[in-house]
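The values are calculated or read from the model by the stated rules, or taken from the named source; none is laboratory data. The structure presented is a predicted model; accordingly, all values stated were derived computationally and were not measured. FYI the Cβ positions are ideal-geometry reconstructions off the backbone, even for glycines, and counts take in every protein chain you see. Calculation scope for accessible area: heavy atoms of the full protein, side chains included, ligands and nucleic acids excluded. Shrake-Rupley method; radii C 1.70, N 1.55, O 1.52, S 1.80 Å.
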Amino acid sequence: MRNHRFAWRAVRSALAIVPVVTTFAAAAAPAQTADMILTGGRVWTGPGATVEGPEAPTALALRDGRVMAVGSDGEIRRLAGPATRRLALDGRRVIPGLMDNHTHFMDGGFELAGVQLRDAATPAAFARRIGRFAAAHPGDWITGGTWDHELWGGELPRRDWIDSLTPNTPVFVSRLDGHMGLANTRALELAGVTAETEDPAGGTIVRYPDGRPTGILKDAAQGLVTRVIPPPSEAERERAVEAAAAHALARGVTLIADMGSWAGLATYRRLAARGRLPLRVYAVVPIATWRRLAAYVAREGRGDHRLFWGGVKGYVDGSLGSTTAWFYAPYDDEPTTSGLMVTDTAVLRRDILSADSAGLHVMVHAIGDRANDWLLERFAEVRARNGPRDRRLRVEHAQHLTREAIRRFGAEGVIPSMQPYHAIDDGRWAEKRIGPERIQTTYAFRDLLDAGARLTFGSDWTVAPIAALLGIYAAVTRRTIDGANPRGWVAAQKISVAEALTAYTAANAYAGYLESELGTLEPGKYADLVVLSDDVFAIDPVALEDVRVDMTMVEGEIVYNRER
Ligand SMILES: [Zn+2]
């Protein structure tokens, strides 16, 4: 996949075996004609592809949902017959469908229909939006929200901000990283959380000076309230997936990994069975349920290329935003803590080893440097104890790394599954939290690639927007969203557009065992592709954030088309 010349030769030889119609009179069309041809564009076929010049392909032919050929306009037009649909690209750039390696997709769907707090920039706006939503949906639980207290200077919200607006409506709204949430008084009552409630293991109940809870529950303490929230109905779940899918496809995302649940997998399967899953889904379930998944795989297989499963996800630590990411040294701005493990180490270690030996695909969240080292050690143990296998172990986030950890990702073939948008978001305040030294190897995209690691990207939606193009902008420019780092935050870790695209396409296909079917625009692979408004290779990287998706195709079908 790295050697472009090889890939191009494959394209050429595929063209060579297609009989060419040379005269108009030939009633016999080519042995096979294309269902659709796209001509007059600039096609980026995948890593290492020629971007500009006479060698660069301008056109594609599609047939039966797959790429039939890639080449020049002339070469591709010869594959068209009378019934072939023709699409003019008008010079626009075509790239493989973008893949998002890490989402909380079902949650995202619910949030699209829920209260919007992501850009609430003041405590007053925060409270007002919750109040309005409560008035519009009286009595229903208000959840989701994805608020960010850094927008108003870092003061944590409290239930007294919203209680008078929500006297009868239980509220539990989450910080955008999902590692803490705010409950109102009604929700705390329903959950039975009082001043007497003790902090659960791996979690914190934030309190007023007199010991009463403020409503903020961190990490495992969130379970005190979330367990009393009634589950959504199946119809609501399906509507959430459909809303999320439309949202993703409009952003060029044709495959997502959902760090999800069994209920999510069941919903995806029902939708897929009715042909109502318009994008590809890797449905991942919690690692604690690995036994159930192993039995499920034995009974039902692993799905198909539209919907597949077989992966489990665990957690080592919390997040930087909640100061629960697990570091060797304390936080600079909270010196009493260096973070925490959110899972019992003995239990997580056993689950990792067992899930792997059951043939499942293991992915584990690790953010702090100590959490990453701990996990790399466990993965080494997996290899030593369970023997060689094509296991593609993944570290989700891999956010703060020691130099040695960066080396190990490359040398040991462990996949860093990272989210570039976090870099331009956290970059606003990460240095105050962990200091000037540790930020040098934070979101270390450049160093990881240089170490030979197979870097993969995602959004962590709903923590960050699902827009992969914005992720590419983030990885290439590292310009923080507050505008404070115009030349890039920790600029030495910037990567190129082609490297970032690869992390969203070919590398993600590999990370999902799909590289023979997806990730590049080569003959035989699925015709999942995106037409962009601007050429991401030609424009100033700063303008990448304004590039729009004009059209998205999955399996040769147009699933999103922006009115031009
Ligand atoms: Zn996540």
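Any residue at all in region 487-496 that's surrounded by fewer than 24 Cβ atoms within 10 Å (Cβ to Cβ), in contact (Cβ under 8 Å) with a residue 24 or more places away in the chain and within 16 Å of the ligand (Cβ to nearest atom)? Before the answer, list the steps.
Of all residues in region 487-496, those surrounded by fewer than 24 Cβ atoms within 10 Å (Cβ to Cβ) come to 487-488, 490-496.
If we keep only those that are in contact (Cβ under 8 Å) with a residue 24 or more places away in the chain as well, we get 490, 492-495.
Those left that are additionally within 16 Å of the ligand (Cβ to nearest atom): none.
Scanning region 487-496 turns up no residue that is surrounded by fewer than 24 Cβ atoms within 10 Å (Cβ to Cβ), in contact (Cβ under 8 Å) with a residue 24 or more places away in the chain and within 16 Å of the ligand (Cβ to nearest atom).
Kindly indicate whether TYR510 is in contact (Cβ under 8 Å) with a residue 12 or more places away in the chain and farther than 23 Å from GLY97 by Cβ.
Values: in contact (Cβ under 8 Å) with a residue 12 or more places away in the chain: yes; farther than 23 Å from GLY97 by Cβ: no.
So TYR510 fails the test.
Sort out which residues of region 132-144 are in contact with a Ser or Thr (Cβ under 8 Å, 6 or more places away or on another chain) and either charged (D, E, K, R) or away from the ligand (no atom under 16 Å from the Cβ) (or both), and write them in order of number. Break it down stepwise before answering.
Filtering region 132-144 down to residues in contact with a Ser or Thr (Cβ under 8 Å, 6 or more places away or on another chain) leaves 134, 137-144.
Correct list: ALA134, HIS137, PRO138, GLY139, ASP140, TRP141, ILE142, THR143.
Every condition in (1) assigned to a helix (DSSP H, G or I); (2) modelled with pLDDT under 95 is met by SER354 except one, and the failing one is (2). Residue count for region 486-509 satisfying the condition of being touching a helix residue (DSSP H, G or I) at 6+ places or on another chain (Cβ under 6 Å) and hydroxyl-bearing (Ser, Thr, Tyr): 1. In region 100-131, which residues are at pLDDT below 95, more than 16 Å from the ligand (Cβ to nearest atom) and open to solvent by 30 Å² or more (accessible area, probe 1.4 Å)? Correct list: LEU112, ALA113, GLN116, ASP119. For region 406-420, a residue qualifies if it is in contact with a Leu (Cβ under 6 Å, 6 or more places away or on another chain) and part of a loop (DSSP other than H, G, I, E, B), and exactly one does: VAL414.
If you check LEU112 against the conditions, is it closer than 23 Å to ALA245 by Cβ and of a type in the set (A, V, I, L, M, F, W, C)? In short, yes. Residues considered: HIS305, HIS361. Of these, the only one that is of a type outside the set (A, V, I, L, M, F, W, C) and touching a strand residue (DSSP E or B) at 6+ places or on another chain (Cβ under 6 Å) is HIS361. Of all residues in region 356-380, those that are more than 16 Å from the ligand (Cβ to nearest atom) and among the aliphatic types (A, V, I, L, M) have Cβ atoms under 7 Å from Cβ atoms of residues that are in a helix (DSSP H, G or I) and open to solvent by 10 Å² or more (accessible area, probe 1.4 Å), 6 or more apart or on another chain, in ALA358/TRP290; ALA358/ALA294; LEU360/TRP290; LEU360/ALA294; LEU376/ARG408.
Condition check ((1) over 20 Å from GLY108 (Cβ atoms); (2) of a type in the set (Lys, Arg); (3) touching a strand residue (DSSP E or B) at 6+ places or on another chain (Cβ under 9 Å); (4) surrounded by fewer than 21 Cβ atoms within 10 Å (Cβ to Cβ)) across all residues:
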position: GLU150; (1), (2), (3), (4): yes, no, no, yes
position: PRO167; (1), (2), (3), (4): yes, no, no, yes
position: GLY178; (1), (2), (3), (4): no, no, yes, yes
position: GLY181; (1), (2), (3), (4): no, no, yes, no
position: ASP199; (1), (2), (3), (4): yes, no, yes, yes
position: ARG207; (1), (2), (3), (4): yes, yes, yes, yes
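Take ALA498 and decide whether it is in a helix (DSSP H, G or I) and either among the aromatic types (Phe, Trp, Tyr) or at pLDDT 95 or above (or both). Break it down into steps so the answer makes sense when it comes.
Details: in a helix (DSSP H, G or I): yes; either among the aromatic types (Phe, Trp, Tyr) or at pLDDT 95 or above (or both): yes.
So ALA498 passes the test.
If only residues of region 458-482 that are within 16 Å of the ligand (Cβ to nearest atom) and among the polar types (S, T, N, Q) are counted, the one that is least open to solvent (accessible area, probe 1.4 Å) is SER459. Counting the residues of region 209-222 that are under 26 Å from the mean Cα position of the chain (by Cα), open to solvent by less than 40 Å² (accessible area, probe 1.4 Å) and of a type in the set (A, V, I, L, M, F, W, C) gives 2. Taking the criterion of being surrounded by fewer than 20 Cβ atoms within 10 Å (Cβ to Cβ) and in a helix (DSSP H, G or I), the only residue of region 510-540 that qualifies is TYR510.
Screening the candidates ASP351, ASP390, ASP333, ASP356 for the property of being open to solvent by less than 40 Å² (accessible area, probe 1.4 Å), among the acidic types (Asp, Glu) and either over 18 Å from ALA288 (Cβ atoms) or within 23 Å of the chain's Cα centre (by Cα) (or both) yields one hit, ASP356. Kindly evaluate GLU563 against the criterion of being over 20 Å from ALA56 (Cβ atoms), of a type in the set (Asp, Glu), at pLDDT below 95 and surrounded by fewer than 19 Cβ atoms within 10 Å (Cβ to Cβ). Considered against the rule, which asks whether it is over 20 Å from ALA56 (Cβ atoms), of a type in the set (Asp, Glu), at pLDDT below 95 and surrounded by fewer than 19 Cβ atoms within 10 Å (Cβ to Cβ), GLU563 comes out as yes. For region 13-36, the criterion of being in contact with a helix residue (DSSP H, G or I) (Cβ under 7 Å, 6 or more places away or on another chain) and at pLDDT 95 or above is met by none of the residues. Residues that are surrounded by fewer than 24 Cβ atoms within 10 Å (Cβ to Cβ) and in a loop (DSSP other than H, G, I, E, B) were ranked within region 438-453; the one that is farthest from the ligand (Cβ to nearest atom) is GLY452.
Confirm whether ALA430 is away from the ligand (no atom under 15 Å from the Cβ), small (Gly, Ala, Ser) and either without any contact (Cβ under 8 Å) to a residue 24 or more places away in the chain or surrounded by fewer than 21 Cβ atoms within 10 Å (Cβ to Cβ) (or both). Taking the combined requirement at face value, the residue does not satisfy it.
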